[in-house]
1. All but one of (1) hydrophobic (A, V, I, L, M, F, W, C); (2) within 19 Å of Met59 (Cα to Cα); (3) open to solvent by 30 Å² or more (accessible area, probe 1.4 Å) hold for Ile103, so report the exception by its number.
2. Out of the residues in the stretch 172-203 that are under 18 Å from Phe124 (Cα atoms) and in contact with a helix residue (DSSP H, G or I) (Cβ under 6 Å, 6 or more places away or on another chain), which is modelled with the lowest pLDDT?
3. What is the residue count in the stretch 106-118 for residues that are open to solvent by 50 Å² or more (accessible area, probe 1.4 Å) and either of a type in the set (S, T, N, Q) or on the phi > 0 side of the Ramachandran plot (or both)?
4. For residues that are part of a loop (DSSP other than H, G, I, E, B) and either modelled with pLDDT of 70 or more or surrounded by 15 or more Cβ atoms within 10 Å (Cβ to Cβ) (or both), tally how many sit in the stretch 15-60.
5. Would you pick out the residues in the stretch 83-116 that are farther than 21 Å from Asn143 by Cα and free of Cβ contacts under 8 Å to residues at least 24 places away in the same chain?
6. I'd like the full set of residues that are assigned to a loop (DSSP other than H, G, I, E, B) and in contact with a Phe, Trp or Tyr (Cβ under 9 Å, 6 or more places away or on another chain), limited to the stretch 61-93.
7. Counting only residues that are touching a Leu at 6+ places or on another chain (Cβ under 8 Å), under 23 Å from Tyr61 (Cβ atoms) and of a type outside the set (D, E, K, R), which one in the stretch 124-141 is surrounded by the most Cβ atoms within 10 Å (Cβ to Cβ)?
8. Quick test of your reading of the structure: Glu121 fulfils all but one of (1) open to solvent by 50 Å² or more (accessible area, probe 1.4 Å); (2) of a type in the set (D, E, K, R); (3) free of Cβ contacts under 8 Å to residues at least 40 places away in the same chain. Name the failing condition by number.
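The values are calculated or read from the model by the stated rules, or taken from the named source; none is laboratory data. It should be emphasised that the depicted structure is a prediction, and the values quoted were computed from it without experimental measurement. Positions of Cβ are generated from backbone atoms using ideal geometry, with glycine treated the same way; all protein chains shown enter the neighbour counts. Please note that ligands, DNA and RNA were not included when accessible areas were found on the heavy atoms of the full protein model with its side chains. Shrake-Rupley method; radii C 1.70, N 1.55, O 1.52, S 1.80 Å.
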Amino acid sequence: MEQLNQQLLEKKLVDSEVAYLKSQINPHFLFNSLNFLHNSAIKDAPQLTKPILLLSDIMRYALTEIPQNGKVELSEEIEQIASFIDLNQFRFDHNLQLSFTIIGNTANLQILPLILLTPVENIFKYADLKNPEHPVKINLEINDNELQFTINNRKIRTRKPIPSHGIGLKNLKLRLDAYYPDNHEIQIIETAENYTFKLQIIL
């Protein structure tokens, strides 16, 4: 009973953090601004219309009210990953060496929102994205209701350490512990050059 209460408390804590972050952004103002930029780009910079639409779609997903059970369709989360990758390809002139592979039937499955998107976001902070000999590989595999999500990447080489507070990963672990207490496993394998993130969930 005590463990259950602790899990419920952690769930409420993480949910309140997400709600607080969302409250800091006025969706009406944001989407009006993005709509203005999109309409302006149609005339003056048509090459920017696609990335503006991608950004709008990602922000709408992040700010949309979550259903009562706290979950969204797995297909929606996958779509957001694809949009996030596409947006960053525009940022880097489509030179990113990255693949996103999906195996299995993703229909009729639900997942916590941003659970898969969070580790993907980390790629664009810490991974070497322009190495054709060692491309970043994102793999999602579904076997019945078991999801396996794996990211393999080379670390970016930099003289200065990249500051990180680990908030995204910490938040991710708290949410997984609260919603999938006995039905998930995270494994991180890290060397001087490579980083592997593995997540297994029974949905």
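1. Checking Ile103 against (1) hydrophobic (A, V, I, L, M, F, W, C); (2) within 19 Å of Met59 (Cα to Cα); (3) open to solvent by 30 Å² or more (accessible area, probe 1.4 Å), the one that fails is (2).
2. So the residue we want is Leu172.
3. Residues meeting the conditions: 3.
4. Residues flagged as part of a loop (DSSP other than H, G, I, E, B) and either modelled with pLDDT of 70 or more or surrounded by 15 or more Cβ atoms within 10 Å (Cβ to Cβ) (or both) within the stretch 15-60 amount to 1.
5. The answer is Gln89, Asp93, His94.
6. Gly70, Lys71
7. Val136
8. For Glu121, the failing item is (3).
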